1. Could you pull out which residues in region B:20-53 have an amide N less than 18 Å from a spot 7 Å beyond the Cα of B:Asn60, following the Cα-Cβ vector?
2. Each residue of region A:149-155 in order: what ³J(HN,Hα) in whole Hz does its phi give by Karplus 6.51 cos²θ - 1.76 cosθ + 1.60, θ = phi - 60°, with x for Gly and Pro?
3. Across peptide A:11-19, how many C-beta atoms of other chains are within 10 Å of each residue C-beta, on average?
4. Long-range amide H contacts for A:Phe165: which residues qualify at under 5 Å (H placed 1.01 Å from N, peptide plane, sequence gap of 5 or more or a different chain)?
5. Of B:Ala135, A:Asn111, B:Ala57, which is farthest on the positive side of the dipole of the protein assembly as shown, counting Cα position, with +1 on Lys and Arg Cβ, -1 on Asp and Glu Cβ, and the Cα centre as origin?
6. Please compute, for peptide B:79-91, the average count of beta-carbon atoms on other protein chains lying within 10 Å of each residue's beta-carbon.
7. Highest mean first, what order results for A:295-303, B:62-70 on Cβ atoms within 10 Å?
8. Given A:Ala292, A:Ser203, A:Leu274, which one lies farthest toward the positive end of the charge dipole of region A:155-314, if we put +1 on the Cβ of every Lys and Arg and -1 on the Cβ of every Asp and Glu?
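Computed from the coordinates by the stated procedures, all read-outs in this text should not be read as laboratory data. Because the structure is a prediction, the values reported are computed rather than measured. Positions of Cβ are generated from backbone atoms using ideal geometry, with glycine treated the same way; all protein chains shown enter the neighbour counts.
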Amino acid sequence: MSLDQLRQCIKDALPDLDCVIGWEQGHSPATATPLFMYEKQDVDRLVFGPLSVHNLATYLPGLKGKKVGIVVKGCDSRAVVQLLRENLISREDVTIFGMGCNGVISHKRLNRTVDNLDRASSLRMDGDDVVVTIDETEQRVAFAEVCPDKCLTCTHPNAMISDHFIGEKSDRAPICETPPALERFQAMSIEDRHAFWEEQMSSCVRCYACRNACPMCVCRDQCVAQSRDPHWMSQETSPRENLMFQLAHTLHLAGRCVECGECERACPMELPILLLRQTAAAGIRNLFGHEAGVDPEAQIPLLTFAVQEANIKE
Amino acid sequence: MSAVPGRELRIIGFLCNWCSYGGADTAGVSRFEQPTDLRVVRVPCSGRIDPLFIVRAFLNGADGVLVSGCHPGDCHYSEGNYHARRRLELLKHLLPAAGIDPARFHYTWVSASEGAKWQQTVTDFTNRIHELGPAPAFCGASTPEDWAAVALGAANGPGCSDHGGDGK
Ligand code: SF4
Ligand code: SF4
Ligand code: SF4
């Protein structure tokens, strides 16, 4: 099976690397957590499956200069491609263990769907269902109910770039074209969106988890959110300042955001901030025909221009 | 005096130093009558305009934002306005998702000799903003009652007290 192959492959590569990043079981069998493997015995704790949610590419820019191995799903590999494109990491320093992915589970959604998830003793996939055993009773939910929206629309389930591709390729097809939450958002009037953000942003606590989880947010120590010179936004947690931060994050990621959804997943307040990133990404697609993280040669659209723009009417 | 009847609104104009600021100056020197709602911020080049300038202006209570630079091909720094064009176009796409009416934002190109075009641009844009009325404020609502009031105010349109009251 491919987990054994993956473990073996990492063990073989480890002597030449400073560390390899993957996932291990978290605080319960219904969670996984990032794992940094330095020694051969660390590799035995590695897991891979529907709980391997984190986009581990987020760690790579901080480890620049080290020889690092990383396990990636399809969506994560787009972040790696984009980081390489922007010279934020160098190709010779990273060893990529690519996997095919059959979708991951949103812990928040699963937690809302089944009772007492923290007492789960096992979790497994059974066809299109997720089966969780809690207090010796099996609870069964449809995968599509508890996966993040990105898995419903996923067009790149296999690692797009790898030094070692392990196991079978996934042949998952997207279940829908537009994420359901985005569709509902698009149907709202501008006035309703104004009120929507006033409400949503009033619970943002400005913890910056969304920024810190983002693989493409690489200037954290100099982030506009905290700079005093220039002073772009105050630390006041009013809806206005919070929205200002979200729009800054969104605009800084325009043409670079790989729509991995880590920002939204990391948010402790469950704020639907991916809607803004998805809107910007759709704008970039329509205006410049560009999709971040799929083509290692493609220029970031906002760092270049065409004298005659094909899709801009003046 | 505002050439547009009614209370003045807050319109912010980001103008590049080399063309549009010159164009506005030409309009002034020629004594063309213009609405006075516009507050001009002079920038070295339209390429200097971070889209966040515009977002910040709106969140701080601007009712409209106008950006003007040199015509494509005429940039003093050769390509600043080409970069600006991409960013501003993207911003136009993003504003409605943030709950800001994109009709409140306009960007255009005016050269230093085009005093008459400048007059026309400012007048048309100011008229448009007056038709839209004061922008609903990001007022910092923080309770369910406040949110309901904001939603109601937005639905009632410019006639409602939520719009452009003095305490905005
Ligand atoms: S993670 Fe959520 S609560 Fe924290 S700053 Fe981001 S949006 Fe706000
Ligand atoms: S902004 Fe969000 S979706 Fe986009 S790359 Fe960053 S974490 Fe991923
Ligand atoms: S929000 Fe912007 S400034 Fe802050 S870390 Fe992300 S990209 Fe950098």
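1. Only B:37-45, B:48-53 pass the distance filter.
2. 4, 4, 6, 5, 10, 4, 10
3. 0
4. A:Gly98
5. With unit charges placed on the Cβ atoms, the residue in question is B:Ala57.
6. Averaged over the peptide's residues, the number is 5.
7. Details: A:295-303: 14.4, B:62-70: 26.4.
Highest mean packing first, the order is B:62-70, A:295-303.
8. Highest projection toward the positive end goes to A:Ser203.
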